[in-house]
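J.: Below you'll find the structure I mean.
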Amino acid sequence: MKKTLLAASLLSATMAVQAADADQATSLSSVIVTATRTSITTDEALSSVSVITRADIDRLQPASVRDLLVGLPGVAFTQAGGEGQLSTLFLRGTNSTHVLVLIDGVRIGAVGAGLPAFEQIPVDQIERIELVRGPRSSLYGADAMGGVIQIFTRHGAQDGKLDPSLSVSTGSRSYMDGHAGLSGGDSHAWFNAGLGGQYTAGINACRVGAAELGVACFADQPDHDAYRNWNGMANGGYRWDNGTELAATWLRSKNFVEYDGSPYGGNQAVNQQQVAGARLSFVPLDAWKVTLNAGQSRDDNATYFQGEYSDLFTPLTYVPRTPVGHTYSRRNQASWQNDITLDANQLLTAGVDYQQEHIDSDTGYLKSTREDTGVYAQYMGTFGRNEVQLSARHDHNGQFGNHNTGSAAWGYAFDHGLRLSASYGTAFHAPTFNDLYYPFNSGNPDLKPEKSRSGELGLSQAQGTWNWAVNAYQTTITDLITLDENFVPQNISQARIRGLEGQFGINLEGWQVQSYLTLMQPKNREGAYDGNLLPRRPKQTARVDVDRSFGAFGIGATFFASGKAYDDQANLHRLGGYATTDLRASYEFMPGWRVEAKLANAFDRSYETAYYFNQPGRTWFLTLRYSPATR
């Protein structure tokens, strides 16, 4: 895909801005907590941030978290088949294990693979998503090399009422989805609870011919691979008159998914993800706020094989449902954070984080537990038009010893909402249990931790009905972990990622337009592969969302385009560029009741984000929704 075509999304929107009325009142900025671990507005963040609200989710009608995030600046997704299949996210060209994902402040991700299960997170239970690009190890420790994504579960309005909610969906390939919830609260107490489920008959996850080529799933099973999910969520809290606040959250998602495989690796899996956490905050002194957090995340997986199978040594044989293996992992975590107001425009934050990882598997690992303790501090100050953020952290990892990380950011506010920012940060990532110890010669216990250093320069403006931002960055990673030709993880001496991100949004005569563009060079800088693209990272992506309301009716479309990528270090397995278009409409036929329709991949494009894995073609969805928030 040529850069000129991919840049069309920003170009068309840029032309439209000339007709906008720049004198209209500036819209209020969103309040975020992920960028600095404290409450600030997006205008105050000296980093590139994206915020997805519940209103955005309702407008975009996504079937998965991937639908929400794909195409945002710096974001590239791969998916090994249709809905429910393994989804991995690459943020700013870093590895898929280099993005830290939190749910209500609790770190998630399977301990073995180090990957958050995006495909298991139910969209119906999400209130808000904050995505922060760039290194955040100086605040969060390991894994936050490419950035941090925090997902907040739904909460109710504290208006003294009980608010029920309901949605029922149907669609292509026997798709069904349902959600029911109840929330309530007042100025002191609040709660929200919900149950949901999803089913699809699916598509054939892997192209025919993979077994002969020895790629992807190494098997040919030309059938539809079904997926079903059951999920539940509950949260609540109480706030006393003196500002003390106690809150708790719980989310559980369990699914069954079919895939193409063999009696050795299975072709069915039962996965369960559970997150539980509690938070207590209080103010001992006027200038001192204390926050205590504790939580646990669990990722359990059991694999099975069922169906016909044959190979060079086995004739075609039917195998009944047989257990193949299991992996159970959990993360226990706790933190103590202190926010000290030094002056009206100066804040000092200091705290301690503790994390324990544990894995239990039928295959056995040389080590099954490890711990990490981190101590951090951050200073934020505003001096006239200048804003400064400084942070430092020391981590002690039970396996890999001590690691120091830090970051510095500066911003300058010009007139008319124009702001310049510059930042520099370091980060590290410890190898996962699978990287180190996975059996059958697929682990490498000699791996070293990955380290990075990143610099970024940004320019942004928000005024009246429009906003735009441009960010340029470079990240250098030493000892980057990649798979060699035998699928064994190895450290490569260096990788360098350069990128340019742009975004532009406008509200013009009722039309809401938001566009994004990413241009990136994620390159290997070692040996025979020097200059090659890192696997599964496209050099260009673009996305445009266009929406319009006509009273009770709403229409919208999302255009997404991706340039080519490669599936291997040698850049032999090419993933071609592609473009998709999603169309959507809604009608509120009575207060709080709405019917929604969506046509995804409307032009039925065939494409791959992982070599030899299929992606869904044209897909339709129809939803009936009751939401009292729209009454």
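The values are calculated or read from the model by the stated rules, or taken from the named source; none is laboratory data. Just so it is clear, the structure is predicted and the values come from calculations on it, not from any experiment. Glycine gets a Cβ as well: all are built from the backbone with ideal geometry, and neighbour counts include every protein chain shown. Surface areas here come from the heavy atoms of the whole protein model, side chains and all, with no ligands, DNA or RNA. Shrake-Rupley method; radii C 1.70, N 1.55, O 1.52, S 1.80 Å.
J.: From the list THR581, THR558, THR541, which residue is under 19 Å from ARG66 (Cβ atoms), touching an Asp or Glu at 6+ places or on another chain (Cβ under 8 Å) and in a strand (DSSP E or B)?
T.: One residue alone meets the criteria, THR558.
J.: Any idea how many residues of segment 366-392 are in contact with a strand residue (DSSP E or B) (Cβ under 6 Å, 6 or more places away or on another chain) and more than 20 Å from GLU456 (Cα to Cα)?
T.: Final tally of qualifying residues: 10.
J.: Going by the conditions given, is THR244 touching a Lys or Arg at 6+ places or on another chain (Cβ under 7 Å) and open to solvent by less than 70 Å² (accessible area, probe 1.4 Å)?
T.: Taking the combined requirement at face value, the residue does not satisfy it.
J.: Let me spell it out: the conditions are (1) within 22 Å of the chain's Cα centre (by Cα); (2) open to solvent by less than 30 Å² (accessible area, probe 1.4 Å), and TYR607 meets all of them except one. Which number is the exception?
T.: Result: TYR607 fails condition (2) only.
J.: Across segment 47-74, what is the number of residues that are over 24 Å from SER407 (Cβ atoms) and of a type in the set (Gly, Ala, Ser)? It would help to see each step written out before you state the result.
T.: Just the residues of segment 47-74 that are over 24 Å from SER407 (Cβ atoms), to begin with: 52-68, 70-71.
After this cut, where a residue has to be of a type in the set (Gly, Ala, Ser) as well, the list is 55, 63-64, 71.
Final tally of qualifying residues: 4.
J.: So, in segment 544-562, exactly how many residues are of a type in the set (A, V, I, L, M) and over 23 Å from the mean Cα position of the chain (by Cα)?
T.: Count: 2.
J.: Give me the pairs, please: first residue somewhere in segment 586-601 and within 18 Å of GLY171 (Cα to Cα) and in a strand (DSSP E or B), second residue anywhere and hydrophobic (A, V, I, L, M, F, W, C) and open to solvent by less than 30 Å² (accessible area, probe 1.4 Å), beta-carbon distance under 8 Å, and either six or more positions apart or on two chains.
T.: Pairs found: ALA600/ALA63.
J.: Okay, moving on. Within segment 479-487, is even one residue assigned to a strand (DSSP E or B) and more than 23 Å from the chain's Cα centre (by Cα)?
T.: Taking every residue of segment 479-487 in turn, at least one turns out to be assigned to a strand (DSSP E or B) and more than 23 Å from the chain's Cα centre (by Cα).
J.: Kindly check whether there is at least one residue in segment 574-584 that is buried (at least 19 other Cβ atoms within 10 Å of the Cβ) and over 23 Å from PRO62 (Cα atoms).
T.: Among the residues of segment 574-584, at least one is buried (at least 19 other Cβ atoms within 10 Å of the Cβ) and over 23 Å from PRO62 (Cα atoms), which makes the answer yes.
J.: Determine if segment 49-62 includes at least one residue that is aliphatic (A, V, I, L, M) and within 30 Å of ASN267 (Cβ to Cβ).
T.: There is no residue in segment 49-62 that is aliphatic (A, V, I, L, M) and within 30 Å of ASN267 (Cβ to Cβ).
J.: Provide a single number: the residues in segment 340-358 that are more than 23 Å from the chain's Cα centre (by Cα) and crowded, with 20+ Cβ neighbours inside 10 Å.
T.: 3
J.: Please work out if ASP67 is under 16 Å from the mean Cα position of the chain (by Cα), open to solvent by 40 Å² or more (accessible area, probe 1.4 Å) and not β-branched (Val, Ile, Thr).
T.: So ASP67 fits the description; yes.
J.: So, in segment 289-339, how many residues would count as being loosely packed, with under 13 Cβ neighbours inside 10 Å and touching a strand residue (DSSP E or B) at 6+ places or on another chain (Cβ under 7 Å)?
T.: Qualifying residue count, segment 289-339: 9.
J.: So, in segment 537-573, exactly how many residues are in contact with a Phe, Trp or Tyr (Cβ under 7 Å, 6 or more places away or on another chain), modelled with pLDDT of 95 or more and either among the basic types (Lys, Arg) or closer than 22 Å to TYR612 by Cβ (or both)?
T.: Matching residues across segment 537-573 total 4.
J.: Could you run through segment 421-446 and say how many residues are in contact with a Gly (Cβ under 8 Å, 6 or more places away or on another chain) and among the small types (Gly, Ala, Ser)?
T.: Number satisfying all stated conditions: 4.
J.: Something else: Would it be correct to say that VAL106 is in contact (Cβ under 8 Å) with a residue 24 or more places away in the chain, hydrophobic (A, V, I, L, M, F, W, C) and open to solvent by 20 Å² or more (accessible area, probe 1.4 Å)?
T.: The answer is no for VAL106.
J.: Cβ-Cβ under 9 Å, sequence separation 6+ or interchain: first residue in segment 507-536 and without any contact (Cβ under 8 Å) to a residue 12 or more places away in the chain and more than 19 Å from LEU572 (Cβ to Cβ), partner hydrophobic (A, V, I, L, M, F, W, C) and surrounded by fewer than 17 Cβ atoms within 10 Å (Cβ to Cβ). Which pairs?
T.: Cβ pairs passing all conditions: GLU509/ALA19.
A quick yes/no check of all residues on (1) more than 27 Å from the chain's Cα centre (by Cα); (2) at pLDDT 95 or above:
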position: LEU280; (1), (2): no, yes
position: VAL283; (1), (2): yes, yes
position: LEU312; (1), (2): yes, no
position: GLN337; (1), (2): no, yes
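J.: Another question, if that's okay. Look through segment 539-554, keep the residues that are open to solvent by 30 Å² or more (accessible area, probe 1.4 Å) and charged (D, E, K, R), and return whichever of them is nearest to ARG574 (Cα to Cα).
T.: LYS539
J.: Could I ask something else about it? Return the residues of segment 492-538 that are outside any strand (DSSP E or B), over 19 Å from the mean Cα position of the chain (by Cα) and surrounded by 20 or more Cβ atoms within 10 Å (Cβ to Cβ); say none if nothing qualifies.
T.: Result: LEU534, single match.
J.: Additional query: Would you mind stating whether ALA216 is open to solvent by 20 Å² or more (accessible area, probe 1.4 Å) and modelled with pLDDT of 95 or more?
T.: Taking the combined requirement at face value, the residue does not satisfy it.
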